[in-house]
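Let me begin by presenting the structure, written as structure tokens, before commenting on it.
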Amino acid sequence: MEKYYAEEITDLAQKLTTDLEAGLPQHEAQKRLNEVGENRLEASAKKSLLAKFVDQFKDFMIIVLIVAALLSGVVAKEWTDAAIILVVVLLNALLGVIQEARSEAAIDALKEMATPHCRVMRDGTVKEISAEDLVPGDLVLLEAGDVVPADLRLISAESLKIEEAALTGESVPVEKSAITLADEDVPLGDRVNMAYASTSVTYGRATGLVVNTGMKSEVGKIATLINNADETQTPLKENLNQLGKTLTLLILGVCVVVFAVGFFTKQGTMPTDTLMIEMFLIAVSLAVAAIPEGLPAIVTIILALGTQSMAKKKSIVRKLPAVETLGATDVICSDKTGTLTQNKMTVEETYEIVDGMILPIMTLCNDTKVSGDELLGDPTETALISYAQKQDFHPDNQRVQELPFDSDRKLMTTVNEWNGQYLVAVKGAPDELLKRCKINDASKEEVLAKNLEMAKKALRVLGLAYKIVDQPFTDLTIENVENDLTFAGLVGMIDPERPSAKQAVAEAKNAGIEVVMITGDHQITASAIAKRLGIIDQNDDDRVITGSELDKLSEADFAGKVKHYRVYARVSPEHKVRIVKAWQNAGKIVAMTGDGVNDAPSLKQADIGIGMGITGTEVAKGASDMILADDNFRTIVDAVKEGRKVFSNIQKAILYLMSCNVGEVLTVFAMTMLGWDILAPVQLLWINLVTDTLPAICLGIEPVEKGIMKQKPRGKQSTFFSGGVSSAIVFEGVLEAVLVLAAYQIGLHVGPHVATPKLQHADALTMAFLTLALIQLFHAINSKFLHDSIFSKETLKNKWFNYAIIVSALIVAMVELPGLNQLFLVTELLPIQWAVVLGAGILMVVFVEIYKFIKRR
């Protein structure tokens, strides 16, 4: 990496063959433009819509569903089932395509940040050209209000301040100068003789030599990082893939056994080829019954409902799986400026030596422009005006003379009318100001001690001094004006933490989530804010590390220490990506919050990137999975709670769907093995359509369970089957099958024993069919709580679930209506037979409650 900041400007000009007075000749500039290309950012190659669409079908669960649809339609002739499955698959694919443009949007936003025109010196004259035509070696002229068009090594700088917060995280504009830096290892935020593309000039003017353009600039490197950032597999996708693979193996195993046993046990009952076809159709029907074809759609609906709930709480989700991922978060890597803090300098402490003088000095020696309720100017100066306004102090003394701030003397002076005389108001660095004041040694030591005390609190300290003269200065020089001053006091400012951030950090830690602060700000400032927020304790200074110190750590060393560090200061975009990757390599699910251009690569690298909606750049928003509409760290904790609720509700839906499907598979399997009448494909499809849709969807909008934010993160290895769900699926599926088979057996001994040309025991099979349907509705109520009893006042709170159960029960009962009973191959049941069906449903609740009680014990 070229260290332009450490090179003498004359040597650099010689290397770039540039005239520091006249700039480049026009023909040379054109030649270089042809060689290095335009000064703009390039995006990675974009996929076509077709390619994006095809990618959606590479998910294992989707492949399983497509195969099931083909078998259902082509082999089993169940075209309705096949159509439903394919609609679900296509819907998911369309949603995936819509969501895939976020990284492209990030690059587009970076392009929009580039300034369209700039002023350059070419052939000895100043010209205004398109920023895209800049080349290394050009001389660029900057003034307040300009956006820096390329990376520049400053040749000259007059009172220059540049806002670099979006690039480095520095919360206040950086004072710049043209001095050569002796140290060859200077962090990005400390390179005072450099001006970087896409940052903004807030004060002063300068001339700079272009050293890098386009993708070679610092903002270009960020664009490269965004292009190259690894796409992390969300826990949700990993869980669904695992679920698909597990299901496929189990279903194939059961189908093979059913086919083999049926084929060999029924030899001689019909021709071999006919028997083979019949057993194959039974096996396919069993596979179709076992596949939870509604699961992807139900998961999508639950996530979508979760995003609506989060939007009401100021969290805007750009990518559906991000809802569930947030609930699994182990680590929140948070940018400091504008995320944990307000990105607004505020006066926090004053030290007054001369009564009544600090307010006049801080307001009169100030270039802030007041426009209605808005303060325009340098953040430090606007903080002083804001403080004075809160004290109801509004001076209107006319300014008659001034000595502007410059970085060499670190002072600013104004001369204002003052009660028939003139007030010389001076503010600046306390140590420099004291040299120009009348003050005894004891008082000076007291001021310096107070200055040090404020500095240790990470306050930005300004000294204030004054003198009163009878008339304006005829010789307005620094030596003549800034002497014989009276030291009035000190004022300490800081970019304060957000009011709700401390409580939010505490809640995150209580939920087992590690909070890590990452900032481009100075180490002492970062450490002080982290202590105020409770991220680290007062004696935890060893948990703070700078970007320079991080550079000295090998990957192996950092991997061993990443869990120790909680605060990173003076870091670059590359450091942020490295930190996120280190936590991910440690097996943690990482959320990264940020608002600046410098946050974009790490936002994309993280398992979930969280952008700021108000102060965030379009680049950061484009690289994010979720955006905080109110920029409030507190909202993240609420979003984590919502994410945990979503995962819990998906678990409930999966427990319900899978245990029901296991019950169906075991029922058909047992009926086949025992030689009984078997549930018809149309009956299985009807049960799936009625019980697997409305109740499962409404389980997804269950309210959050108590104590969910006192649980530790579930971990990266956790799946939807964790927490006792897998054993519950097996127990409840077996219980369901036993109760259905029992209802069939009872049906053989109760009632008129109706037979049909196709069925030997039609009434018994009808009881089994209706028992299976009713049991699943009762079981939906069981599934509202994974571990707790349903006999609670919370059970009936979800009115939509209550409606879903009632509607589904009525739809199930409709099969008994004349006309429909022939379609669904059922007979009309007697009251006693209905009593058996209802009793089996109630027993499902009783046995599951006993099971839960034993598990809790």
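The values are calculated or read from the model by the stated rules, or taken from the named source; none is laboratory data. If you're wondering where the values come from, they're calculated on a predicted model, not measured in any experiment. With ideal geometry, Cβ positions are generated from the backbone for all residues, glycine too; neighbour counts draw on all protein chains shown. When the accessible area is computed, the model is the full protein with side chains, heavy atoms only, and any ligands, DNA or RNA have been set aside. Shrake-Rupley method; radii C 1.70, N 1.55, O 1.52, S 1.80 Å.
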Solvent-accessible heavy-atom area per residue, rounded to whole Å², over the chain at 1.4 Å: 42 Å²
Virtual spin-label span in nm between VAL807 and VAL730, 7 Å along Cα→Cβ: 3.6 nm
Helical mean residue ellipticity (222 nm; -39500 (n - 2.57) per DSSP H run of 4+; nearest 500) of the chain: -15000 deg cm²/dmol
Among (1) 71, 30, 20; (2) 59, 42, 22; (3) 45, 31, 26, the entry derived from the coordinates for semi-axes √(5λ) of the Cα gyration tensor in Å: (1)
Beta bridges per DSSP with both ends in region 440-592, % antiparallel, nearest 5: 60 percent
Proximal lysines to LYS15, defined as alpha-carbon separation beneath 26 angstrom and excluding residues fewer than eight positions away on the same chain: LYS3, LYS31, LYS127, LYS176, LYS216, LYS221
Pairwise label distance in nanometres, GLU21 with GLU816, each label 7 Å out on the Cα-Cβ vector: 10.5 nm
Considering only the chain, percent of DSSP beta bridges that pair antiparallel, nearest 5: 75 percent
Largest-first ordering by accessible area, 1.4 Å probe, given options ARG32, ARG40: ARG40, ARG32
Shape call, region 528-600: gyration tensor on alpha carbons, a/c limit 1.5: rounded
Normalised contact order of the chain, rounded percent, pairs of Cα under 8 Å and 6 or more residues apart: 13 percent
Axial C-alpha extent at least 24 Å, average Kyte-Doolittle at least 1.0 - helices from the chain (DSSP): 79-99, 235-265, 272-290, 295-312, 725-747, 762-782, 831-856
FRET efficiency for ASP11 and LYS552, using Cβ-Cβ distance with R0 set to 30 Å, rounded to 0.05: 0.60
Contour excess over end-to-end distance, with Cα ends at ASP185 and MET276 and 0.36 nm allotted per residue: 25.0 nm
Listed residues GLY204, PRO703, LEU739: farthest to the positive end of the dipole of the chain (Cβ charges): LEU739
Cβ-Cβ FRET estimate between ASP355 and ALA429, R0 fixed at 25 Å, reported to 0.05: 0.60
Among TRP686, ALA83, GLY137 the positive-end extreme of the charge dipole of the chain (Cβ point charges): TRP686
Directionally averaged shadow of region 456-547, computed from the convex hull of its alpha-carbon atoms, nm²: 9.6 nm²
Exceeding the 18 Å Cα-Cα cut-off - candidates LYS509/LYS563; LYS336/LYS576; LYS509/LYS621: LYS509/LYS621
Carbon and sulfur %, accessible surface of the chain computed with the full protein complex present, 1.4 Å: 57 percent
Additional length obtainable on full extension of the chain from LYS3 to ASP470, 0.36 nm per residue less Cα span: 162.9 nm
Number of Lys pairs (Cα under 30 Å; 8 or more positions apart or on different chains) in region 630-758: 14
Exposure of THR17 as accessible area (Å², to 10), given a probe of 1.4 Å and all protein chains: 100 Å²
Distance between region 522-557 and region 488-519 - C-alpha centres, whole angstrom: 14 Å
Extension gain (nm, one decimal) between ILE63 and GLU38, 0.36 nm per residue minus Cα-Cα: 4.5 nm
LYS410 versus ASN510: modelled label distance in nm, points set 7 Å from Cα along the beta carbon direction: 4.3 nm
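Apply 1/(1 + (r/R0)^6) to the Cβ-Cβ distance of ASN480 and LYS710, taking R0 = 41 Å, and write down the FRET efficiency to the nearest 0.05.
Working: r = 68 Å, r/R0 = 1.66.
Efficiency, from the Cβ-Cβ distance: 0.05.
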Dipole of the chain [Lys/Arg +1, Asp/Glu -1 at C-beta], most positive-end residue of THR350, THR307, VAL186: THR307
Lys, Arg +1 and Asp, Glu -1 on Cβ, resulting dipole of the chain about Cα centre, debye, nearest 20: 3460 debye
Amide proton proximity set for VAL516, modelled H, under 5 Å, gap of 5+: ILE332, CYS333, SER334
Accessible-area value, VAL354, 1.4 Å probe, nucleic acids and ligands omitted, Å²: 40 Å²
Between region 582-635 and region 788-857, the Cα center-to-center distance that results, in Å: 45 Å
